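Data block below; observations after.
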Amino acid sequence: MQAGKLRRAAGFTYLIMLAALAIFGIGLAALGQTWSEVSRREREQELLQVGAAYATAIAAYYRQAPGGTHRYPLSLDELVDDTRFVGTVRHLRRLYLDPVTRAPLEPLRDSAGFIVGVRSTSSARPLRRMRYQLPSGGSVAGERYADWQFVYAPPGAP
């Protein structure tokens with residue numbers, strides 16, 4: 001009679017352990033989704049900061065022209081090492097990667113081939129739906145990260 005009670009108790013313990021494991025698995029799945037969304041939000045915020053840094057650097061490059069001849073850079077490297085002056089001028093400390101794709105940001109060029117801004121190459125949809133105001137002027141919005149263009153336009157420019 002004792003053996004029968006032990007078998008029923010072992011079966012009951014097995015069911016409790018399966019239920020606990022299922023609840024634990026559901027909790028971990030929910031935590032994983034939340035962590036993934038938090039990570040994505042952080043990368044998106046970092047993209048906004050990096051893009052704004054590029055737009056600010058392009059604005060500084062454009063405004064700090066020797067001889068009063070304002071022009072945009074021909075390459076992103078000129079933002080790190082501006083050789084137009086006697087000493088080295090750095091508008092950016094280094095070239096930053098796109099936080100979303102971990103690849104270099106794509107330069108945006110005007111009709112003359114000068115770089116007026118940068119953008120991500122990611123076709124993913126952003127979590128942020130509101131327009132973001134850049135410190136250098138202008139704003140960023142779009143349905144995809146690739147639509148977010150971090151551009152400097154001087155006042156009075158079309």
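Key figures for this structure:
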{"item": "Residue under evaluation GLU44, criteria (1) under 14 Å from ARG119 (Cα atoms); (2) assigned to a loop (DSSP other than H, G, I, E, B), criterion not met", "result": "(2)"}
{"item": "Matching residues, segment 53-67, being under 20 Å from the mean Cα position of the chain (by Cα) and polar (S, T, N, Q)", "result": "THR56"}
{"item": "Qualifying positions in segment 110-137 - in contact with a Leu (Cβ under 9 Å, 6 or more places away or on another chain) and either within 16 Å of PRO154 (Cβ to Cβ) or not β-branched (Val, Ile, Thr) (or both)", "result": "GLY113, PHE114, ILE115, VAL116, GLY117, ARG119, SER120, SER122, PRO126, ARG128, TYR132, LEU134"}
{"item": "Members of segment 105-145 found to be in contact (Cβ under 8 Å) with a residue 12 or more places away in the chain, of a type outside the set (Asp, Glu) and closer than 17 Å to ASP77 by Cβ, listed by number", "result": "LEU105, PRO107, LEU108, GLY113, PHE114, ILE115, VAL116, GLY117, VAL118"}
{"item": "The one condition in (1) farther than 28 Å from GLU143 by Cα; (2) open to solvent by less than 40 Å² (accessible area, probe 1.4 Å); (3) in a helix (DSSP H, G or I) that ALA55 fails to fulfil", "result": "(1)"}
{"item": "Answer residue from segment 68-123, given it is under 20 Å from LEU134 (Cβ atoms) and aromatic (Phe, Trp, Tyr) and is nearest to the chain's Cα centre (by Cα) among those", "result": "TYR96"}
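The values are calculated or read from the model by the stated rules, or taken from the named source; none is laboratory data. Model, not experiment: these values are computed from the prediction. FYI the Cβ positions are ideal-geometry reconstructions off the backbone, even for glycines, and counts take in every protein chain you see. Side chains are part of the model used for accessible areas, which takes the heavy atoms of the whole protein and leaves out ligands, DNA and RNA. Shrake-Rupley method; radii C 1.70, N 1.55, O 1.52, S 1.80 Å.
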